[in-house]
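In what follows, a single structure is set out as structure tokens and then discussed.
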Amino acid sequence: MTKRYRIGNPIPTGAVVTELVPAEGPLPYFTADPAAGTLALALNDEDIVYGLGETVRGINKRGFIYVNYNADNPHHTELSRSLYASQNFLIRFRPGGKTFGVYFDTPGKITFDIGFTDYGNMLISFEDFDADVYIFEEDSLPGITAALRRLTGKSYVPPVWAFGFGQSRWGYRNADDVRAIADAYEKAGIPLDMIYLDIDYMEDYKDFTVSRERFPDFPAFVSEMKTRGIRLIPIIDAGVKAEPGYPVFDEGTEKGYFCKCEDGSDFIAAVWPGLVRLPDVLNDKARAWFGDCYAPLLDAGIEGFWNDMNEPALFYTPEHLDEVYGKIRDYEKEELGIRSFFGLLDCVNGLSNNPEDLRRFFHSYDGRMIRHDKVHNLYGFYMTRAAAEAFARRGIADQTMLFSRSSFIGMHRCSGLWTGDNSAFFSHILLNMQQMASLSMTGFLFAGADIGGFGGDTTGDLVLRWTEFGIFTPLFRNHAAHNTRDQEFFRFPFTEAFKNMTDLRYALIPYLFRVFTDAAEHDGLYMQPLSFLWPDDPRARGTEDQIMLGTDLMLAPVYTQNARGRFVYLPEEMKCLRLRSISDFDEEILPAGDHWVRAELAEVLIFMRKGTKLPLHQAGRHVSEITDEIIHTFCF
Ligand code: GLC
């Protein structure tokens, strides 16, 4: 049963699709302190807290503090309180006791202190104490996540080719660079369905433009790649270059579709193109207009997009830059002591994504002008919604792949997400896995991370180990930052192993896509913690580095360097598959309990539950070549 309670007077978010009449009586479970703007919830020793979607640390969120306020954080670590997304959903799982879920529907900042200050207490602080609070009481954990989906709508399903492998890199400069990547993959015999175009494809980083110099005949190039079985997936950024003569800027300005300052003047900030304006995607008309701006790329044959910098990320605003210059001049007057030295550093580092800047602009939303920070968490969702609604108007929503960096519950209906700028850390393989579980809980099924790590120079073994998990994530993409070491699969000595893993992915796509569409259709989970299936098993409840794919397979990726295997906990008897390729594997039935399982660098582990059939299909180098023919079926 799902009940709605209202605190204050919340600004609508668009997350909820099923209207519920507010329930009688006070909000259960929580102790509200309206003066402090908090809700408190006692946690006992056994309690586990799930949810929050894309956040750092484990699947059990207990013990840390999270701030749901979408943030561009390219150097995130275990200490980062905010990432690109805000999914305000939690489950308090009380083994043997009363378990419930809760969704806080509000577009502003919320801080979740989940036993960080006091291990026995969860304190939720709202910047504005206004929210619709939905309480879900069901008799199982998957029942609770299904109830959230009934409230907020079905999950997005991309076209099946989106399950193919995609190669990306910030730094492919021109058509020849892209051709060279396609050639190298072809030569190595590694399947490839997409090559991503990062900001370098644009003319001066202007959205919806393509550099004529670097891509002289773009539509012809799109179709040349398509005949090779490869789709090009361009990036779209939130900021529109402020340059008179650039049609998107001119039209948006003329129609008043960009965000404004309180006095009605233009709000200007800076991102990749230099000075930009932000489309007011919260305004229905502006959103429709921005969505229609994707048309020239669609007309050129593009069938998929990734929306970026839509927290929105702001490098600086001219006003704030002036303030900082002023302060620097003050610092200049005296010799820098320890305090002033760090003061200077902080003041320069605080230029980007400065919270003050988020209070400088307004949206025309919900019939009034609303200051951005009050609805901050909606921006990425609404930018992506702009695209999705435009695709729907063209009748191509189900043929178009779409994912975004910033997100909010509700966006799961029209788009997937990727988890932003991770790093070439082994620990980020584990983070990827843990985020996948939490994202599935909040309805984001089409998700994935930058395989190999976005930031920093990666290593071949890290990319391979990450790929061994990535072949199971719906979005399967290798992406890296500019100025980092090349990390395409063919760059490393174990190219054969990369080929084998990618072949395995393709042979599994019919199975994976079925698990995915089943989860989407029935409000289920694509990936989930073991406790969702074995809630009464204390060991399963404590397992954070193994994950269920659907309900029948368990994954236990290796995420430590130089490891040649790992410990695995089996809640029940399972069949362990150790795969080197689609035709080279061994199988072993293992009893319930603890095992050390060998997994050499080029081996991936899959654990099957009893009654499972796992087919490998005849596949080729592209998703379109996968056939109904089954080359092998693993049975247990
Ligand atoms: C952001 C994105 C990253 C992209 C870069 C350049 O950092 O998260 O994926 O490569 O911008 O566009």
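The values are calculated or read from the model by the stated rules, or taken from the named source; none is laboratory data. Since the model is a prediction, treat every value here as computed from it, not as a measurement. Cβ atoms come from the backbone with ideal geometry, glycine included; neighbour counts cover every protein chain shown. Surface accessibility is based on the protein's heavy atoms, side chains included, excluding ligands, DNA and RNA. Shrake-Rupley method; radii C 1.70, N 1.55, O 1.52, S 1.80 Å.
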nm² value of the averaged projected area, convex hull over the Cα atoms of the range 145-203: 6.4 nm²
Hey, if you put +1 on the Cβ of every Lys and Arg and -1 on every Asp and Glu Cβ in the range 316-432, which of Leu431, Ile328, Met411 ends up farthest toward the positive end of that dipole? Met411
For the range 477-636, what % of the accessible area comes from carbon and sulfur atoms, probe 1.4 Å? 49 percent
Assuming R0 = 41 Å, can you tell me the calculated FRET efficiency for the pair Glu262 and Val348, based on Cβ-Cβ distance, to the nearest 0.05? 0.95
Using only the Cα atoms of the range 72-221, what semi-axes does the equivalent ellipsoid have when each is the square root of 5 times a gyration tensor eigenvalue? Give whole Å, largest first. 44, 20, 16
Round to the nearest 0.05 the FRET efficiency obtained for Arg539 and Phe341 when R0 = 60 Å and r is the Cβ-Cβ distance. 0.75
Label-point separation in nm, Tyr29 to Ala180, each point 7 Å along Cα→Cβ: 5.4 nm
Estimated FRET transfer efficiency when R0 is 25 angstrom, pair Met1-Ala592 (beta carbons, to 0.05): 0.15
Alpha-carbon spread of the range 522-572, three principal axes, descending order, Å: 39, 23, 15
Can you list the lysines whose alpha carbon sits under 21 Å from that of Lys154, skipping same-chain ones fewer than 8 residues off? Lys3
Low-density loop positions, GluC sites (Glu not before Pro), the range 314-370 - DSSP coil, at most 13 other Cβ in 10 Å: Glu334, Glu335, Glu356
Residue by residue through the range 200-206, the couplings from Karplus 6.51 cos²θ - 1.76 cosθ + 1.60 with θ = phi - 60°, in Hz, x for Gly and Pro, are 5, 6, 7, 7, 6, 6, 8
So what J values fall out for the range 514-524 if you push phi through Karplus, 6.51 cos²θ - 1.76 cosθ + 1.60 with θ = phi - 60°, rounded to Hz, Gly and Pro as x? 5, 4, 5, 5, 4, 5, 5, 5, 9, 6, x
In the range 236-295 the accessible area split gives carbon plus sulfur, as whole percent at 1.4 Å, a share of 51 percent
Cross-link reach from Lys206 to lysines, straight Cα distance under 18 Å and at least 8 residues apart if same chain, gives Lys241
The range 468-515, Kirkwood Rh and Cα Rg, ratio Rg/Rh at 1.03
Could you pull the Rg and Dmax for the range 347-403, using just the Cα atoms, both in Å? 15.6, 48
Surface/4 estimate of mean projected area, convex hull on alpha-carbon atoms of the range 191-300, nm²: 7.7 nm²
Relative contact order (percent) for the chain, with alpha-carbon contacts under 8 angstrom and 6 or more residues of separation? 14 percent
Between their Cα atoms, which of Lys226/Lys613; Lys109/Lys260; Lys226/Lys255 are more than 27 Å away from each other? Lys226/Lys613; Lys226/Lys255
Counting pairs of alpha carbon atoms under 8 Å apart in space and at least six apart in sequence, what relative contact order in percent does the range 133-216 give? 26 percent
Ordered by number, the GluC sites (Glu not before Pro) in the range 32-79 that occupy a DSSP loop and have at most 14 other Cβ atoms within 10 Å are Glu46, Glu78
Under 19 Å Cα to Cα from Lys575, which aspartates and glutamates show up? Leave out anything in the same chain fewer than 8 places away. Glu468, Asp545, Asp552, Asp584, Asp586, Glu587, Glu588, Asp594, Glu600, Glu603
Dividing the alpha-carbon radius of gyration of the chain by 2.2 N^0.38 Å (N being the number of residues), what value is obtained? 0.95
Of the beta bridges DSSP finds with both residues in the chain, what % are antiparallel, to the nearest 5? 75 percent
Could you calculate the contour length gain from Leu601 to His75, that is, 0.36 nm times the residue separation minus the distance between their Cα atoms, to one decimal place in nm? 186.6 nm
Taking amide H positions as placed in the peptide plane 1.01 Å from N, state which residues far from Ile233 in sequence (5 or more) or on other chains have amide H under 5 Å from it. Ile195, Tyr196, Leu197
Going by average Cβ density within 10 Å per residue, which order do the peptides 587-599, 279-291 take, highest to lowest? 279-291, 587-599
